[in-house]
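Following: one structure in structure tokens, then a few remarks.
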Amino acid sequence: MKHLLLSLFIIVAAFYHNALAQRVVILGLDGFSTEGYKSIKHPHIDELFKNGVLSLTTRPVMPSVTLPNWTSHFTGSGPEEHGVTANTWTLQSHTLKAIDTDPDGYYPSIYKLVKEQVRGVKTAFYYNWAELINSTNTRYLDDRSFQHQDGYDSNYTRAIHFIDQNKKSPLLVFLYSVHTDHAGHGYGWMSKEYISAVEKADSAIGHFVNELKLKNLYKDTYFLLITDHGGINKGHGGVSMQEMQIPWAITGPTIQKKGLVDFYNSNKNTSLALAQIFRLKKIPSSWTGITPEGIFK
């Protein structure tokens, strides 16, 4: 009887651990507009999210520029709360004081929350725009890597290694590239160069996902596709629909299979979706985002 009870305990404990040990991969493409999503071929992205939820009417926070929006993705709040109002923000030099901070002076992020509430979680942050890390408290990151000159191949490879190395742990991995945005600035949104940049990103995502499948790391993984803003001509930061309407997609074990939906969504909501995936109990009262309605089973 004791052996039977012990066996049952081990089975239940293993099930409970696996239920909590969520693996989340966030794919971030800078400057990926809804206009671009609708017009450019991206078969690998389509395949990845075909059984999930896709919004093409998600709104960036204002201003529609990079650092305020990526900060909003990971802090469940807008610039009026987290204080990151421009790409020049640093912890040492900024104008607007945040309404809430962690002990090091940073606005509380999803990385902080999962580190404090999810046992054994491992976090990673891979990027190729140097300023992106400025609003993130790196004490809550287990791995981070910056690739120079808009490169992203070594970061994708490093992310695969990190996921494989920590496959028995809950994971929150952010894999970002700025080359799409820089193509827009250099040649114009919807230029042939911008289209090519999105197509290359799609190819890299396809290779990345295939590598996860080969290593048996794809099943039961949550994937998000997020961006910061769109663009018009060779810029962004304004309030045109080309700048203020972007794609947002999610798929995974507890995500509804709805395909394209039209619901209220904001970059502020990303961390609330992540909080539900990780079953977080404590959410900062300063966060102003909401969990996107109807995406979970």
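The values are calculated or read from the model by the stated rules, or taken from the named source; none is laboratory data. Only a predicted model underlies this, so the values are computations on that prediction, with no experimental measurement involved. Positions of Cβ are generated from backbone atoms using ideal geometry, with glycine treated the same way; all protein chains shown enter the neighbour counts.
Of the residues in segment 23-30, none is crowded, with 19+ Cβ neighbours inside 10 Å, within 15 Å of the chain's Cα centre (by Cα) and at pLDDT below 95. Taken over segment 152-169, residues that are closer than 20 Å to W129 by Cα, touching an Asp or Glu at 6+ places or on another chain (Cβ under 9 Å) and either of a type in the set (G, A, S) or not in a helix (DSSP H, G or I) (or both) amount to 1. So, L67, is that one part of a strand (DSSP E or B) and within 15 Å of the chain's Cα centre (by Cα) or not? No. On the stretch given as segment 129-148, residues that are surrounded by fewer than 22 Cβ atoms within 10 Å (Cβ to Cβ), touching a residue at least 24 places away in the same chain (Cβ under 8 Å) and farther than 18 Å from I163 by Cα total 5. The single residue among I99, I133 that is part of a helix (DSSP H, G or I) and modelled with pLDDT of 95 or more turns out to be I133. Restricted to strands (runs of 3 or more DSSP E) entirely inside segment 185-264, those with at least 1 residues that are under 18 Å from the mean Cα position of the chain (by Cα) are 221-226, 246-251.
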